[in-house]
Structures are given as structure tokens and as C-alpha cells.
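The values are calculated or read from the model by the stated rules, or taken from the named source; none is laboratory data. Everything numeric here is computed off the predicted structure, so don't read it as measured data. Every residue, glycine as well, gets a Cβ built from its backbone with ideal geometry; the counts of neighbours run over all protein chains shown. We work out accessible area using only protein heavy atoms, side chains counted, and drop any ligands, DNA or RNA first. Shrake-Rupley method; radii C 1.70, N 1.55, O 1.52, S 1.80 Å.
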Amino acid sequence: MTTTKVWRNARLATMAPRLSGLGVIDSGAIATDGSGRIAYVGPDDALPASFRSSETIDCGRRWITPGLIDCHTHLVYGGDRAAEFEMRLNGASYEEIARAGGGIVSTVKATRVASDDDLFASADRRLKALMAEGVTTIEIKSGYGLDTGTECRQLRTARRLGRERSVSVRTTFLGAHAVPPEFKGDPDGYIDLVAGPMLSAAHAQGLVDAVDVFTEGIAFNPGQTRRVFDAARSHGLPVKIHAEQLSNLHGAALAASYGALSADHLEHLDATGAEALAKAGTVAVLLPGAFYFIRETKLPPVDLLRRAGARIAIATDSNPGSSPMTSLLLAINMACTLFRLTPEESLLGVTRHAAAALGMSADAGTIEVGKWCDLAIWDIERPAELSYRIGFNPLWRRVWRGT
Ligand code: DI6
Ligand code: FE
């Protein structure tokens with residue numbers, strides 16, 4: 001239950017598009033009316049009289065941003081890959097490990113044998129770490145089940161996190177993440193299952209908000225990607241893509257042609273791909289944790305994306321293989337240090353643009369009247385501190401749907 005509440009004496013980075021830059025209001029107030037949504041945002045001295053007797057939180061001139069949004073995670077899985085980490089440090093590459101039957105498939109085995117409660121408990125610990133840094137919305141993908149039952153179990157666990165914790169969860173079906181052992185050598189046969197009965201079953205249970213494909217040499221080709229996207233379209237579901245992570249298969253442009261919400265990774269994206277994203281309004285999601293963890297050297301073409309006018313979001317890609325990361329603040333620090341995003345771009349990337357990558361712009365991502373009252377209140381002197389510090393958490397209070 002939410003009640004009428006007002007946060008006063010704060011500096012606001014509303015991220016609202018009609019204000020420039022961060023949408024700063026220097027001496028601001030925010031009120032919620034009990035609906036869990038924002039009823040007033042603006043100058044403190046213009047706070048309507050009706051809110052002046054509400055429960056008041058004096059923010060002591062702290063900064064308030066929208067609650068942060070992690071728009072690309074694989075949070076629910078069994079086991080971990082610390083042993084593989086060791087292997088890599090002894091010389092094996094990510095692709096070699098994947099081809100040798102390690103990589104994603106080893107997490108699939110661990111996920112299939114994990115109980116529902118184990119899946120929930122391990123993901124819950126990771127979720128808590130993200131929430132402690134002000135995350136109020138998170139996307140969680142399947143893709144470590146690769147059979148109908150386990151894919152649905154992953155999505156159900158993700159939805160359960162959303163019911164039991166104070167966070168908004170969006171679930172993405174990623175059946176086309178890797179070819180499971182029982183379809184070894186028959187990726188097309190596996191895509192028959194994914195695009196057919198598997199997606200239908202997950203969707204029929206109401207577990208799917210979007211459909212994703214890992215389009216890559218070690219995963220699925222553009223033709224197979226199309227088949228999954230066509231199936232998604234027939235169910236009326238929006239699509240996303242893992243594209244141009246290790247090579248350029250022109251997956252981003254393909255996804256843009258389906259009006260995808262986002263195309264993610266993008267280290268090997270070219271100018272045509274960047275323009276296709278901008279034109280379609282498909283958000284470019286950069287994942288610096290994976291870039292860092294697999295010691296990638298090809299930088300995503302940030303300048304091409306800027307020049308094309310594409311929106312850029314940043315996420316953790318939290319997963320056991322390529323980005324065992326549960327800090328969105330570290331992700332924006334890396335986006336600035338490794339990818340040379342500006343602090344302003346990086347903050348947009350975990351607020352307004354991250355909301356767009358989830359198709360949630362009407363509810364989240366900015367501090368505007370009518371949106372969910374999801375706030376992060378920070379003990380900082382300027383917003384750039386959020387991407388500047390490394391391993392330091394300046395969160396003072398977190399507000400989800402007004403509480
Ligand atoms: N790209 C990635 O970086 C992760 N998945 C994907 O499609 C890797 C997932 C894993 O290695 O477990
Ligand atoms: Fe991913």
C-alpha cells in the first residue's frame with residue numbers, strides 16, 4: 001500500500017526529455033498521491049498546497065534520479081562458472097570454451113538440475129545487490145533452460161522475484177541462446193522447437209514480455225533469428241537481439257527491421273547498422289561488463305551511434321559466463337572509462353533509454369507526472385559522481401512505487 005508522500009528540499013535529475021541535459025531542477029520536490037505514481041514534480045516552492053500536509057521526507061539537498069533500470073540481465077541460473085574463469089586465465093578463449101561444450105551449456109546443465117527454490121534464492125542474492133544501488137526495474141532473460149520446462153521455470157522464477165521483492169521485473173524469452181546438447185549438430189531442429197511449441201507454451205502461461213535471440217557465429221544465424229522473430233510477431237510480442245558481440249552478422253539491422261526494442265552488445269556494429277537502429281528507434285544497449293570480462297578489444301562504435309542519433313542504454317548483462325556483475329554503477333563507470341561515454345550519457349543509459357529498451361517509457365525512466373514513483377536518492381554533490389566512483393555506493397534511499 002502506498003500513501004501520499006512528498007520528498008522536498010532535493011536536487012532533481014528528472015531525465016525528462018522536455019528539459020535539456022539531465023532535466024535538472026535545483027530546488028525540487030516530488031509528490032505521490034497514493035497511486036504509486038508521481039503526482040507532482042517541480043520547484044519546491046511551487047508544491048501545491050494539497051501536498052503540504054503530506055508525510056514529508058526532507059532530502060537535505062541530496063540528488064534524486066529516477067530509480068535505475070538494468071535492461072539486460074540473465075539473473076536466474078544454476079551454479080556458476082568460476083572454474084571456467086580459471087581456465088580462461090590459463091589461456092583458453094571464450095569462443096574456445098563455448099565450442100568445447102563449456103560455456104553456456106555448462107550453466108544449462110546446472111540450471112536444469114537446480115530446484116525452483118534454489119533458482120530463486122541464488123537470483124535473489126544478486127537482485128539484492130542491484131537493488132542496493134537503486135535499481136527499481138530489471139529485465140531478466142531465460143536462456144539457460146533450453147527445454148520448454150526449464151525455460152518456463154526460469155521465467156516463472158523471474159516473475160516471482162517481481163512479486164516478492166520491491167522491484168519491477170520484465171521477462172524476456174531467450175530460448176535461442178545456445179543449442180542444447182540434445183540438438184547438437186541440429187540447430188534448425190532446435191529452432192523449430194523454440195519458434196514453435198516452446199515460445200507458444202511460455203507465452204500461453206503469460207511469462208513473456210519480449211523475445212530475444214543470440215545471433216552470432218557460436219549461436220544462431222540471421223535466418224534462424226528471423227524464424228524466431230516471425231514467431232514472436234505472430235504472438236504480438238516485441239523482439240530484442242544479442243548482436244555484433246564477437247563478429248558482424250548484421251543482426252542489429254535485422255532486428256531493427258522488426259522494430260526491435262533493443263539491440264545489445266554491438267562491439268562489431270557498422271555505420272549501416274547504427275543508422276538502422278536510429279531510424280527504427282531501436283535502443284543500442286552497451287554491455288561494458290561483458291566487454292571487460294572477456295577482455296574484448298573491439299570497442300562498440302559509440303561515435304557512429306551518436307552521429308546516427310541512436311539512443312544508448314547501459315546494462316550489467318549479469319550472467320555467469322561473460323559478465324558475473326551485479327553492479328549497475330560499475331557498469332556506468334565502465335561505460336565512461338572503457339567506451340568514453342559522458343557521465344550524462346551513461347546516466348541516461350540506465351534511466352530513460354533503459355526504459356525505452358524495455359518498452360516501458362510510459363511508466364519508468366524519468367521523473368515525470370504520471371510515471372511510477374521510482375526514485376533513487378543519492379548522497380552526492382553532482383550526478384557525475386555516480387559514474388566516477390569505483391566500488392562505492394552513495395545511495396541514501398530507494399523508493400519503489402512511492403514507498
Ligand atoms: N552473450 C553473452 O555475453 C552471454 N550470452 C550472450 O548471448 C554469455 C552467456 C554465458 O556465457 O553464459
Ligand atoms: Fe546477454
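Observations on the structure shown:
- Region 284-356 - convex hull of the alpha-carbon atoms, volume per residue in Å³: 78
- Estimated vicinal HN-Hα couplings, Hz - region 92-99 in sequence order (Karplus 6.51, -1.76, 1.60; Gly, Pro = x): 6, 8, 4, 5, 4, 5, 4, 5
- Under 29 Å from Lys240, Cα to Cα: lysines that are on another chain or at least 8 residues apart: Lys109, Lys128, Lys141, Lys184, Lys279, Lys298, Lys371
- C-alpha long axis of helix 116-131 to longest principal axis of the chain, angle in °: 40
- Mean residue ellipticity (222 nm) of the chain, computed from DSSP H runs ≥ 4 via -39,500 (n - 2.57), nearest 500: -9500 deg cm²/dmol
- For Tyr292, solvent-accessible area (1.4 Å; no DNA, RNA or ligand), Å²: 130
- Gain in span if fully extended, Arg295 to Leu338, counting 0.36 nm per residue against the direct Cα distance: 14.3 nm
- C-alpha long axis of helix 328-337 to longest principal axis of the chain, angle in °: 80
- Simple rule: put +1 on each Lys or Arg Cβ and -1 on each Asp or Glu Cβ in region 51-95, find the dipole, and look at Val76, Ile57, Tyr94; the Cα lying farthest toward the positive end is Ile57.
- Tail weight of P(r) past 29 Å, computed on alpha-carbon pairs of the chain, percent: 41
- Cα shape, region 24-109, gyration tensor, a/c 1.5 rule: prolate
- Cα gyration tensor, region 323-393 - rounded (a/c under 1.5), prolate or oblate: prolate
- Within region 259-403, percent of DSSP bridges classed antiparallel, to nearest 5: 45
- The C-alpha radius of gyration of region 149-303, expressed as a fraction of 2.2 N^0.38 Å, stands at 1.04.
- Dipole magnitude for the chain: computed about the Cα centre from +1 point charges on Lys and Arg Cβ and -1 point charges on Asp and Glu Cβ, it is near 740 debye.
- Extent along principal axes [Cα atoms of region 61-111; Å; largest to smallest]: 53, 25, 16
- Taking the convex hull of Cα positions in region 1-145, its mean projected area over all directions (nm²): 12.8
- Of the solvent-accessible surface of the chain, computed with a 1.4 Å probe over protein heavy atoms with every protein chain present, carbon and sulfur atoms account for 52 percent.
- Rounded to 5, the percent of DSSP beta bridges in the chain classed as antiparallel: 40
- J(HN,Hα) series, region 218-228, from Karplus relation 6.51 cos²θ - 1.76 cosθ + 1.60, nearest Hz, glycine and proline x: 8, 10, 10, 8, x, x, 5, 4, 4, 5, 5
- Cα-based shape type of region 262-403, given that a ≥ b ≥ c are square roots of the gyration tensor eigenvalues and the cut on a/c is 1.5: oblate
- A simple rule links phi to the HN-Hα coupling: the Karplus curve 6.51 cos²θ - 1.76 cosθ + 1.60 with θ = phi - 60°, which for region 4-16 gives 5, 8, 9, 9, 10, 6, 10, 9, 10, 9, 6, 6, 6 Hz, with x for Gly and Pro.
- Built amide H within the under 5 Å cut-off of Val285, gap 5+: Ala263, Asp264, His265, Ala313
- Accessible area in square angstrom per residue, region 152-235, 1.4 angstrom probe: 37
- Area of Asp188 that stays accessible when all protein chains are in place (1.4 Å probe, Å², to 10): 80
- Solvent exposure of region 1-143 amounts to 41 Å² per residue of accessible area, where only protein heavy atoms count and the probe is 1.4 Å.
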